[in-house]
1. Along Cα→Cβ, 7 Å out, is where each label goes; now give me the distance between the ones at Arg275 and Thr422 in nm to one decimal.
2. Can you tell me the length gained on complete extension of the stretch His2 to Ile234, counting 0.36 nm per residue apart and subtracting the Cα distance?
3. Give me the distance in nm between label points sitting 7 Å out from Cα along the Cα-to-Cβ direction at Thr463 and Leu341, one decimal.
4. Using the Karplus equation 6.51 cos²θ - 1.76 cosθ + 1.60 (θ = phi - 60°), what ³J(HN,Hα) coupling, rounded to whole Hz, does each residue of the stretch 255-264 give in order, writing x for Gly and Pro?
5. With θ set to phi - 60° and the Karplus curve 6.51 cos²θ - 1.76 cosθ + 1.60, what are the ³J(HN,Hα) couplings of the stretch 337-354 in order, to the nearest whole Hz, using x for Gly and Pro?
6. On the principal axes of its Cα set, how long, how wide and how thick is the chain? Give whole Å, largest value first.
7. Report ³J(HN,Hα) in whole Hz for each residue of the stretch 45-59, in order, from the Karplus equation J = 6.51 cos²θ - 1.76 cosθ + 1.60 where θ = phi - 60°; Gly and Pro get x.
8. Which GluC sites (Glu not before Pro) in the stretch 247-344 pass both tests, a DSSP loop state and at most 13 other beta-carbon atoms within 10 Å?
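Every number in this text was worked out from the coordinates using simple rules, so none of it is lab data. Fair warning: this is a prediction, and the values are worked out from it, not measured in the lab. As a convention, Cβ positions derive from the backbone with ideal geometry for all residues, glycine included, and neighbour counts pool all protein chains shown.
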Amino acid sequence: MHPLARLDHDHIWHPFTQMRDWLKREPIVIVSGKGAVLRDVKGREYLDANSSIWTNLHGHQHPKINAAIARQLKKIAHSSALGLANEPASRLAARLLEVSNLKRTIKHYHDDTPPLRKDYGPPLSKVFFSDDGSTAMEVALKLAYEFARRAGCRRPKFLSLGGAYHGDTIGAVALGHIDLFHKPYARLLFKTDKVAAPYCYRCPFNRAKPERADAREYRKCNWECVTAVEEKLIAQKKRGDPYAGLVVEPLIQGAAGMIPQPFGWFSRAGGMAQRLGTPLIADEVLTGCGRACSSMRVPNFLASHEEGVEPDFVALAKGLTGGYLPMAATLAKQKVFDAFLGEYEEFKTFFHGHSYTGNQLGAAAALASLNILESTQSILARRALEQTLRDELKTLWTLPNVGDIRQVGLIVGVELVRDWRTRKPFALRDRAGIRVCDAMAKRGVLTRPIGNVIVLMPPYCTTPAQARAMVGTLREAILETL
């Protein structure tokens, strides 16, 4: 075993990992990367098929982000945001609000795009910086809770989707509904309500028999998933207190198993919440920064804008710095900010903070990432990558163990089943997803499953040839393993 692998075994406790299994074999130790390629300590190369756990946008060692961080290092790496401001964070906040403004997006829409809602309301206007997706959601949660309380709500409460995952801090965990992650901490959590997520492939209201296509395309239902949200919102409002927030990952739920919403669900459910007085909290930690947006149509920054929705709160992280540094942001509307204004002695301050809030290195990386994201070169590359994935994924429908293939922008989830005709899932003990990903790693492609769902989420710089290799390797791994 390599000395670095031994050090890892001796001292590191890995996240979301059964360490007994981990200690049974030598881990892959990554030492360098360039573009969509990672290299390990033994000189082997791998395609990074999940963007280093959904964070890397433009590839490893991107010269423009490297240069931006180097320039900032010559000035200062960090200074406190408690009582002080700094240049990169100020510029980043302004840019984030610019690209997250739905009115700006409208200018880029064409005739073939979906109709926009007319009642999307005022734009997001304030940014609170933090460290990662969990903390961004924790900020949104606290702001929404206190905003509701100051508006007269007696017992603010939140509504989120079944299978939701919004982070691992206690408040974020309380918003989640995945027993595997959350049940052990039940006594630490406050109660939140949940409503069934729109999961077309396994929806009890979908009367369609399995076909060799994305289940959203052939579903037969009456939008019962939207009705369920409406009933929850109305019932809560009749009790005298509208929900303090409807919390949703727009377009697709990540950790739930890459479960996409049928087109129109988010605008219907989100618009209904806002009309009934419930703020919409968009968890765009995964879906933001263009990841869930279709470059074939409009290269939106937020997934919410794909359906013409302007949320009241937006949480951003993961790809914010291009996958370089931990940084997050919570965007909110002016009315929320105004609720925290008052005299010093009134203590209406938002009493929440982080030591590295507004970190200069992270902000510099994020500004460089935004510039790349909006460049013509990046837009064209994303368009080509999305189409290549869409074409190549069709080859997987011939495999009997592929039940559903779900693509939203540059996010792909391939659900493995015992038999596609019955949708019968593999048991947890079968470790189907893990075994397939292990077989892919041996062939030089790295990704990580969510249960029986294989995730493909490549960096935006991935070439069509590399994308074809990723899908081809997945096909070979499924054939060999299952």
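1. Computed distance between label sites Arg275 and Thr422 equals 4.3 nm.
2. Numbers: separation 232, 0.36 × 232 = 83.52 nm, distance 5.99 nm.
Full extension from His2 to Ile234 adds 77.5 nm.
3. 5.4 nm
4. 5, 5, x, 6, 9, x, 8, x, 4, x
5. Each residue of the stretch 337-354 in turn: 4, 5, 5, 9, 8, x, 6, 3, 6, 7, 6, 8, 4, 7, 7, 7, x, 9 Hz.
6. 65, 61, 51
7. 10, 9, 7, 8, 7, 10, 6, 6, 6, 6, 10, 7, 8, 10, x
8. Values: sites: Glu284, Glu306, Glu307, Glu343; in loops: Glu284, Glu343.
For GluC sites (Glu not before Pro) across the stretch 247-344 that sit outside H, G, I, E and B with at most 13 neighbouring Cβ atoms in 10 Å, the list reads Glu343.
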